[in-house]
């Protein structure tokens, strides 16, 4: 009998994140489908007593064999049953472990049977493999994943998992499935280390898997492999007894479960319970008292599903011991075994904020699979599917962390493939937590409908979002009703599905109405019907316009291209005279501001599905007009710059791994994993037969700059030379003693760089002679190399996540830098054509990033793919980056414009009242409602920490002329000075009574001027001392002073006030002339022209006015704003005026008061401040919407419509024939931009 009291086993982690269990010279390799996320136990919890020896709600695993007690007899029974199945060649070798929920089936199999196999192996096999999986909603994928790990020892074998899943799903001519048997037979050393497939929670095959064919294929695979006489595979499964009836759908499985091969897990006896309770604490050196043990046994014995509750209660008792609380007292406080679980859940929930509680409700509902005539069960769900559209991902993860923390473990988090998943740790929670039951009982019908919606939305998305899969009435009617009250609970994908369904139906209705309207003519009755139909069409068109606009505004960040297209379509409908009724003439109904955010966020030009699996290789033609792609599917595809397919080439590769165009663009070469290279014409025709280049796969190809030589390399580590006819030239050479992943030619064709699995980069001449010692520094395989355009540098990136620069002598240039978060591997590197930037991609974090040569990030990273990025290429003109998805099989084109607009600057909490450029134009300062001053660079990146010394709203900020000091004026009645590190200088200036609205520096920087609510103007020196004893304040204003400006010569001060006047003053506080009168409301803004001869003012009357130095008005008021003009400024050359207004627009005027270009629209709330950059090419604005926007001057000349139309012209022209939305967008461009 296996001695369970002294296990004598050792456990360590394997290379693939699973476990190796060894004992008595035997070894069990345990391969896990998922990798559970580690959580450190707080130090205080273990300081006195050591680690908690109880498991709480979590199932015991093979790593817990040393604290698994009470089941020794059942472990022996399982071992003997499995031994008999294998010794007697009984087939199938399938051992079902049956029992109710909470009976300990999973723990018995994993913490009992697996360590027992290590102590006493079956059939004398010193080594065995145990593949542990939980079926989930896609059991074939789960099985394929664990088999791929076993076969490859790769912790993330994405490609192999897909390959195995396909094999498992293929039926034999007899109609069964034997993929598991065939795959297992190919696993190395399978005869010496046979495979046991442990399917835990087998009931999920019925509760979660909704595909009957996949369910049948999964069960067939298990049975067929278990019946194979070679005995390479045995199967153990755990199944909840309330699902026994479901197995009748599969007679072969049902017969085995009903035979004496099955093991039914009985309830623990009193003595077994005592051992399970007492022994872990005893082994940990802190035995429990007998009275407490008796209480726990009494409370547990005879209760179905009580074992996890018992473990949870014991965990709480142990925690109490660590805090000096007696076990009996802890037991009393938690209300017994069942109360411990519910109490912990409720306690965590009660300590959440109201918003977090609502998030928790959505999470737990998402983690429950409603029973259909059976009990509710756990539902393993990707974390991203628990994030509703209104949720912050960070908040969802924080709430999950509370329920999954070491002190709770009510939820288990794990990594499965490339995503995080969550599940309720044990279904015992369902029976005891009243709050959860109330949520479920009050909304079961809604939950079922939402699950149906989620399934439909996921399938629609996975199939490429075709219109044919959208819902129509009556399903759509139900969805509209559901969305009215439950939209906040829906994921973004579900909302996209809803909006797309609604939009499609509206289009159908509109065309029906148009047909009805066309039938009406002639008679009065017919005219009446026509009038009604016309109204229906008008209403439908208006609704469609609004839907286009709403879609545009919702997609600006997630899909900027679609946002632009929908925005242009909305503008098109808004320009339709019928839709505009009853308005006649004038602007359209949709503001061009709908295009603002999409253009500020857009870098993606198009996305195409290039391969069913992953993209391995990309290449641009030298003219940049053709992009070639290839991947795991074995097909080459050609695309134009707008993403339109030009052709599809296939030559039987299982994987296309390498592509390259000749320098003249007339030849394309491809290399596959079968070791061959094929040469193609530009039109996609094969030139001659493919030729064998390498033993093993071809990993990289390149043309020499003169086009005369092709070089190739691959898994054999050899570099080969070929001419364009595929004939071998020169002598091949061994570049590395390991796999070579990538190679490149220098621009002059004299140097070859290679990167290898041996962690080095090497440089060679064309004769294969090394030019330096190996370039060392990488701590992992080197996956990518590239030469700079001038040929003086080599860049490399690889498995260790670093990017390194080298000169041609092999010396490092500068310091290496981490290119992607979490030290994830760099899969591809490239230089920009001007050599000023490095572009990188990662297999793990899904990003494409740009860097300076010093390793500083350029702009925001591109979230490129759903899964890793395998490859990228830069277009020859440097205006586009194409990236290939390792998992999603998509190609994405990222574009750059010669003229670009950066995203809004966000950081302030609340409105931003003031903004200013530094004199050198490199820094922008802002101040707002949150009482902070913030500094940004000219690209919109936040510099340092915000300055928070004010205690009131900041209304005005100004830079000193030398750019070293910043002044701010606040609602707290003070003025403060700051350095450019955001540190306050000296004490605040105090003297105003009430809010301070305006602040400015004198031209020499020695005097600070301020104006405030108290109607005074004040002068201060740089130390904050008032200047002048006789003139502490100028009191000519009636009401508050909202704005001040200083003439360029420093002799005159202009101020605007609540009285609707502009006053001019000298430095001694004496008024100059009479007040400037003409505005019919508060004067909110003033400025001097650079030559000092003109003053501009803006008022709440909606006008901008110009005045000469003598106070005489110049011309007529500048009209166009629809609300208060809050800010005005002259350009540095004095020829242009900018104004911002409460209608959210920024407008430009020439010196004569004529409107200049298009209004700059994008803010969705009042604009409070505007300023020109020192070079006059950029305008900055701030708004009540909490953002700061930078506007290039050329944008005012073009306007958003022209800019957008020209930016995506190729896309609109290429696709307008097949898409109604794109057709409408193109119509806008043809009317407004392309005339």
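The values are calculated or read from the model by the stated rules, or taken from the named source; none is laboratory data. Computed from a predicted model, the values in this text were never measured in an experiment. As a convention, Cβ positions derive from the backbone with ideal geometry for all residues, glycine included, and neighbour counts pool all protein chains shown.
Screening residue 659 on (1) part of a loop (DSSP other than H, G, I, E, B); (2) in contact with a strand residue (DSSP E or B) (Cβ under 9 Å, 6 or more places away or on another chain); (3) without any contact (Cβ under 8 Å) to a residue 60 or more places away in the chain shows it passes everything except condition (1).
Each row is one residue, and each column tells you yes or no for (1) at pLDDT 85 or above; (2) assigned to a strand (DSSP E or B); (3) in contact with a helix residue (DSSP H, G or I) (Cβ under 7 Å, 6 or more places away or on another chain).
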site	(1), (2), (3)
316	no, no, yes
332	no, no, no
338	no, no, yes
360	yes, no, yes
400	yes, no, yes
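Count of segment 671-698 residues, restricted to those that are in contact (Cβ under 8 Å) with a residue 40 or more places away in the chain, over 14 Å from residue 724 (Cβ atoms) and crowded, with 19+ Cβ neighbours inside 10 Å, is 3. Look at (1) touching a strand residue (DSSP E or B) at 6+ places or on another chain (Cβ under 6 Å); (2) within 17 Å of residue 1180 (Cα to Cα); (3) surrounded by 18 or more Cβ atoms within 10 Å (Cβ to Cβ) and you find that residue 998 fails only one, number (2).
Comparison of 805, 775 shows that the only residue that is buried (at least 17 other Cβ atoms within 10 Å of the Cβ), more than 19 Å from residue 701 (Cα to Cα) and either in contact (Cβ under 8 Å) with a residue 60 or more places away in the chain or within 32 Å of the chain's Cα centre (by Cα) (or both) is 805.
I'd like to verify a number: residues in segment 1042-1063 that are surrounded by fewer than 23 Cβ atoms within 10 Å (Cβ to Cβ) and within 15 Å of residue 1109 (Cβ to Cβ), how many?
Matching residues across segment 1042-1063 total 7.
Go through the residues of segment 818-825 one by one and say whether even a single one is surrounded by fewer than 21 Cβ atoms within 10 Å (Cβ to Cβ), over 24 Å from residue 942 (Cβ atoms) and at pLDDT below 95. Yes.
Helices (runs of 4 or more DSSP H) fully within segment 1152-1235 that include at least 3 residues being closer than 19 Å to residue 591 by Cβ and over 28 Å from the mean Cα position of the chain (by Cα): 1193-1207, 1220-1232. The single condition among (1) modelled with pLDDT of 80 or more; (2) under 32 Å from the mean Cα position of the chain (by Cα); (3) part of a helix (DSSP H, G or I) that residue 539 does not satisfy is (2). Residue 353 satisfies every condition listed in (1) modelled with pLDDT of 85 or more; (2) out of contact with any strand residue (DSSP E or B) (no Cβ under 8 Å at 6 or more places or on another chain); (3) buried (at least 17 other Cβ atoms within 10 Å of the Cβ) except (3). Among the residues of this structure, residue 221 counts as one that is buried (at least 23 other Cβ atoms within 10 Å of the Cβ), in contact with a helix residue (DSSP H, G or I) (Cβ under 8 Å, 6 or more places away or on another chain) and in the same structural domain as residue 80 (by TED's automatic domain parsing).
Residue 857 passes every criterion in (1) surrounded by fewer than 24 Cβ atoms within 10 Å (Cβ to Cβ); (2) without any contact (Cβ under 8 Å) to a residue 60 or more places away in the chain; (3) outside the structural domain of residue 643 (by TED's automatic domain parsing) apart from (3). Out of 142, 118, 111, which single residue is at pLDDT below 90, assigned by TED's automatic domain parsing to the domain that holds residue 195, buried (at least 22 other Cβ atoms within 10 Å of the Cβ) and touching a strand residue (DSSP E or B) at 6+ places or on another chain (Cβ under 7 Å)? Only one candidate qualifies: 118. In segment 256-278, the residues that are more than 15 Å from residue 72 (Cα to Cα) and in the same structural domain as residue 112 (by TED's automatic domain parsing) reach residues that are modelled with pLDDT of 90 or more and surrounded by fewer than 19 Cβ atoms within 10 Å (Cβ to Cβ) with C-beta atoms within less than 9 angstrom, at least six apart or across chains, in these pairs: 256/262. What are the residues in segment 682-696 that are closer than 28 Å to residue 645 by Cβ and not in a loop (DSSP other than H, G, I, E, B), if any? Within segment 682-696, 686, 691 meet the criteria.
The one condition from (1) assigned to a strand (DSSP E or B); (2) more than 32 Å from the chain's Cα centre (by Cα) that residue 785 does not meet is (2).
Each row is one residue, and each column tells you yes or no for (1) modelled with pLDDT under 80; (2) under 30 Å from the mean Cα position of the chain (by Cα); (3) surrounded by fewer than 18 Cβ atoms within 10 Å (Cβ to Cβ); (4) not assigned by TED's automatic domain parsing to the domain that holds residue 537.
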residue	(1), (2), (3), (4)
576	no, no, yes, no
579	yes, no, no, no
584	yes, no, yes, no
594	no, yes, no, no
597	no, yes, no, no
619	no, yes, no, yes
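Screening residue 377 on (1) crowded, with 17+ Cβ neighbours inside 10 Å; (2) within 29 Å of residue 331 (Cβ to Cβ); (3) more than 27 Å from the chain's Cα centre (by Cα) shows it passes everything except condition (2).
For (1) outside the structural domain of residue 787 (by TED's automatic domain parsing); (2) part of a strand (DSSP E or B); (3) in contact (Cβ under 8 Å) with a residue 12 or more places away in the chain, each residue gets a yes or a no:
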site: 867; (1), (2), (3): no, no, yes
site: 870; (1), (2), (3): no, yes, yes
site: 873; (1), (2), (3): no, yes, yes
site: 877; (1), (2), (3): no, no, yes
site: 882; (1), (2), (3): no, yes, yes
site: 887; (1), (2), (3): no, no, yes
site: 902; (1), (2), (3): yes, no, yes
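Every condition in (1) over 14 Å from residue 219 (Cα atoms); (2) touching a residue at least 40 places away in the same chain (Cβ under 8 Å); (3) part of a helix (DSSP H, G or I); (4) under 35 Å from the mean Cα position of the chain (by Cα) is met by residue 164 except one, and the failing one is (2). Only a single item in (1) more than 30 Å from residue 613 (Cα to Cα); (2) part of a loop (DSSP other than H, G, I, E, B); (3) touching a helix residue (DSSP H, G or I) at 6+ places or on another chain (Cβ under 7 Å) is not met by residue 97, and it is number (2). If you take the residues of segment 452-497 that are free of Cβ contacts under 8 Å to residues at least 24 places away in the same chain and crowded, with 17+ Cβ neighbours inside 10 Å, which of them is nearest to residue 547 (Cα to Cα)? The residue in question is 483.
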